[in-house]
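Working notes, structure below.
The values are calculated or read from the model by the stated rules, or taken from the named source; none is laboratory data. Note that this is a predicted model, so its numbers are computed, not measured. Cβ: placed from backbone, ideal geometry, glycine included. Neighbour counts: every protein chain shown. For the accessible areas, the whole protein counts, side chains as well, though only heavy atoms, and no ligand, DNA or RNA atoms are used. Shrake-Rupley method; radii C 1.70, N 1.55, O 1.52, S 1.80 Å.
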Amino acid sequence: MRTSLSSLQKVLSEILAFAYRNYALTKNEFYAIFEMLFWPMISLISVGLLGEFLYLEKDAVAFIIIGVITLSVIQIAQIDVTYVMLLDMWSMSLKYIIVTPTPFYRMVTGAWLFGSVRGLISLVLLILLSAWLFGFTLTLPLTAMAAFVLGILLSAMLIGIFNCILILVFGRRAEIFAWTLTAIVMLFCGIYYPVTILPEPFKTLGLLIPITHYLEFFRSFYGFQTVFPNPLAIAIVETITYLALLLVVAEISMLRARKTGLVLKLSD
Amino acid sequence: MVKAVECRDVWMVYRTFMEKDTVALRGVNLDVEDGIIFGLLGPNGAGKTTLISILATILIPTRGEVRVLGMDAFKNTRKVRERINISSGVRMPWGMKVYECLRFYAMCYGITGRKVVEDVISEFELEEHRNKRFDDLSTGNKQKANLARAFLNNPEVVFLDEPTANLDPDMAKKIREMILRIKEERDITIVLTTHNMKEAELLCDRIAFIKDGKIAAEGTSEELKRYTKMSERIILKVRGDVSRLSFPYPFRLDGNSLTVFVEDAEKALPSIVIKLAEQGINVESAKMEEITLEDVFIELAEGS
C-alpha cells in the first residue's frame, strides 16, 4: 500500500514538474501573460466589429465568435504543450530532461494541465467580453459546455504533441510550427465558416480534424446544421485515436533523435 | 562486484539527411570500477562527449552493449536514469530562477519535498543566487547550479562533461575541490571528461585516452606515463635554425624551447647537446624533469 502510494506520488510529481515549469515561466515572463490576454482580445474585438459593420445577424455573429474563442484557447493551450520541447530547444538543455526518468507522456500531461488553466482563463475572459460587447450568450447546457471545453483543450494537446514530434524530427527548423500549426489546422476545420464550403480534398481533411466536430457541436446549440448527426461522438473518437497515435509516434521520434544524435545537437 | 559502467564494442555513427555519415566512436570497450573518479581525456572531436552521452542514456549507440550499475542501459533505461545523472555544459531552462530550475528537475525525479532542493543549494554554495535568474549568473555559478542539478537525485554514478571548461583558475580550483569533497561524502562513482591534464591527474583514479573514437590507452596516471616508455624529459632553450632538426629521440618544438623525451635524462643529456651542436644549434639552458600526463596526451593525440 505504502509502495503504491509512493509510486503514485512519484508519478504526480513527474507530471506536475512540467506544469510547475510553465507556471514559473508565466510568472517570470511578462510576454506569457500578454499573449494569454492581448491577442485573444484583439481578435475578438476586431472580428466582432467586422460582424457589426457587415450587419450580420445575431446567429452569424455567434458563429464567428465561437470560432475566435476556440482558436484563441487552442493556441494558448497548445503552446504550453509545445514548450515541453521548445523551451529546452531554446535553452539548449534538452538532454537534461531526456536524462530524467520522466516519460514523454507525463511531460506533456503536466504541461497540458497548466496550458488548460491558461486556456480556461482566456475562455472565461473572451466569453464575458463577447457577452458585454456583442451580446453573445451561452445557450448550451453546462455539461455540453464542459464537453466542448475539454474537447478543444485535448485538441490543443494534439497540436502541441505534433509540434514536439516535429522538433524531435526536424530540430530547430520546426520552431516555426509552434505558432503556425494552429492557424493551418484552423483553416481546414471551419473556424469562421462551415467545412462544407471547402472544396475536396480539403473538406474531407477538415472532417478528419476533431476541432471541426467540436465546433459543429457547439454551433448546433445556436441552430446551425451539422455534417454528421452526432459531432461530439465523432470528435471524441478522433481525439482518442490521434492521441494514442501521436504518443506512440512521439516515443519513436524520441528514440530516433537519441539514435541520430539530434538530442545532442539541440543541447549544444 | 558490479561495475559502475561497462561498455562492449560501442560504435556511434551520426547519420544526417543528405550529409555524410560521421563515425564518432569505433568499438569502445571500457570498464569503470565502482566508487572511483574515472577520467576521459582526448582532443576535440575525439568522441568524449558522445561516449559520456551514451553512458548517461541520452544517446543510443549504433552498435554495442552498455551496462550501468549492472543494468542494460537501453533495456532498463528508466531504472538506470533514476540512479545516474549528468552535468554537461552550463544550460538550464530559459526564463527561470535557480531555485525554480532545481525544483523543476527534482520533481522530474519524483522528489516532492523542498528539503532536497534546499540541501543542494547550500551544498553548492548557491544561497545568495537562489532567486536570481539562471541566465543572469556568472559562468562559475552556472556551473555550480548545473552540478547541484546533477546531484538532486542522489545518483550513484555521475557523468561530468568538462566541469571546469571556460572557468577562471580560481573557480576551476573551487569546482575541483567541490567534486572531490562530494565524491568523498557521497561515496559515488564519477566519470568526467576534461582537456586539462593537471585536473585529470589531480582528480582521477583512472584515465582513458580517446582518440578518433577509440580508447588509445587506459590506466592510472602513473601507468599511462609508463605507457610512452619514456619516463623523463629534458627542456632545452636553444639558439639556431631548428627547422630541419633531426634526432634519435622523440621531441617537441615550441619556438626556441625543445622538449626531448628520454628514459634517463642525466645519461642522455651530453649526447643530445653534441647532436644539437653538430647541427649548428647551441643550448642556452637545460632542465630535467619527470614526464607529465600532458606529454602522454600529446604523444597519443599526435599518434607518435
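In table form, for the structure just shown:
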quantity: Helix A:2-28 vs. chain A, principal-axis angle (Cα, 0 to 90°, nearest 10); calculated: 60 degrees
quantity: Entries of A:10/B:115; B:3/B:183; A:95/B:225; A:259/B:198; A:10/A:259; B:48/B:198 with Cα pairs more than 26 Å apart; calculated: A:95/B:225; A:259/B:198; A:10/A:259
quantity: Zone of residue A:193's modelled label, taken as backbone nitrogen in the range A:47-88 under 14 Å from a point 7 Å along Cα→Cβ; calculated: A:64
quantity: Computed over the range B:22-149: relative contact order in percent, which uses C-alpha pairs under 8 Å that are six or more apart; calculated: 20 percent
quantity: Contact surface A-B: accessible area buried, both sides summed, square angstrom, 1.4 angstrom probe; calculated: 3600 Å²
quantity: Summed side-chain charge close to residue A:245 - residues other than residue A:245 whose Cβ falls under 12 Å, Lys, Arg +1, Asp, Glu -1; calculated: -2
quantity: Debye, to nearest 20: dipole size of chain B, +1 on Lys, Arg Cβ, -1 on Asp, Glu Cβ; calculated: 1040 debye
quantity: Electrostatic dipole magnitude of the protein assembly as shown [Cβ: Lys, Arg +1; Asp, Glu -1; Cα centre; debye, to 20]; calculated: 940 debye
quantity: 10 Å Cβ shell holding at most 13 others, DSSP loop, trypsin sites (Lys or Arg not before Pro): longest site-free stretch of chain B; calculated: B:115-228
quantity: Alpha-carbon centroids, the range A:171-186 and the range B:207-223: separation in whole Å; calculated: 46 Å
quantity: Cleavage-rule hits, chymotrypsin sites (Phe, Trp or Tyr not before Pro), the range A:121-200, DSSP coil, Cβ neighbours within 10 Å at most 10; calculated: none
quantity: Cα-based helix-to-principal-axis angle, A:142-170 vs chain A, degrees rounded to 10; calculated: 50 degrees
quantity: C-alpha long axis of helix A:104-134 to longest principal axis of chain A, angle in °; calculated: 20 degrees
quantity: Relative contact order %, chain B, counting alpha carbon pairs below 8 Å whose residues are six or more apart; calculated: 20 percent
quantity: Residue-by-residue Karplus 3J(HN,Hα) for the range A:215-228, coefficients 6.51, -1.76, 1.60, Hz, glycine and proline x; calculated: 5, 4, 4, 4, 5, 4, 6, 10, x, 8, 5, 10, 5, 10
quantity: Label-point separation, residue A:4 to residue A:39 (7 Å along Cα→Cβ), nm; calculated: 4.4 nm
quantity: Centre separation in Å (Cα based) which lies between the range A:204-259 and the range A:98-114; calculated: 22 Å
quantity: Per-residue [θ]222 nm for chain B (sum of -39500 (n - 2.57) over DSSP H runs n ≥ 4, rounded to 500); calculated: -10000 deg cm²/dmol
quantity: Computed label-point distance, nm, for sites residue A:202 and residue B:222 using a 7 Å Cα→Cβ extension; calculated: 7.8 nm
quantity: Relative contact order %, the range B:230-302, counting alpha carbon pairs below 8 Å whose residues are six or more apart; calculated: 44 percent
quantity: Local electrostatic count at residue B:87 - Lys and Arg +1, Asp and Glu -1, tallied over other residues with Cβ under 11 Å; calculated: +3
quantity: Inter-site label distance for residue A:120 and residue A:179 at 7 Å from Cα along Cβ, in nm; calculated: 2.9 nm
quantity: The range B:118-183 versus the range B:68-107: alpha-carbon centroid distance in Å; calculated: 14 Å
quantity: Farthest toward positive dipole pole in the protein assembly as shown [+1 Lys/Arg, -1 Asp/Glu at C-beta], among A:37, B:120, B:106; calculated: A:37
quantity: Under the span-like rule (Cα at least 18 Å along the axis, Kyte-Doolittle mean at least -0.5), DSSP H helices of chain B; calculated: B:265-278
quantity: Theoretical FRET efficiency, 1/(1+(r/R0)^6), r = Cβ-Cβ of residue B:278 and residue B:195, R0 22 Å, to 0.05; calculated: 0.05
quantity: Calculated FRET value between residue B:212 and residue B:263, using beta carbons and R₀ = 41 Å, to 0.05; calculated: 0.90
quantity: Total charge dipole magnitude, the range B:82-163, about the Cα centre, Cβ charges on Lys, Arg, Asp, Glu only, Debye to nearest 20; calculated: 260 debye
quantity: FRET efficiency estimate (nearest 0.05) - Cβ-Cβ, residue B:243 to residue B:34, R0 45 angstrom; calculated: 0.30
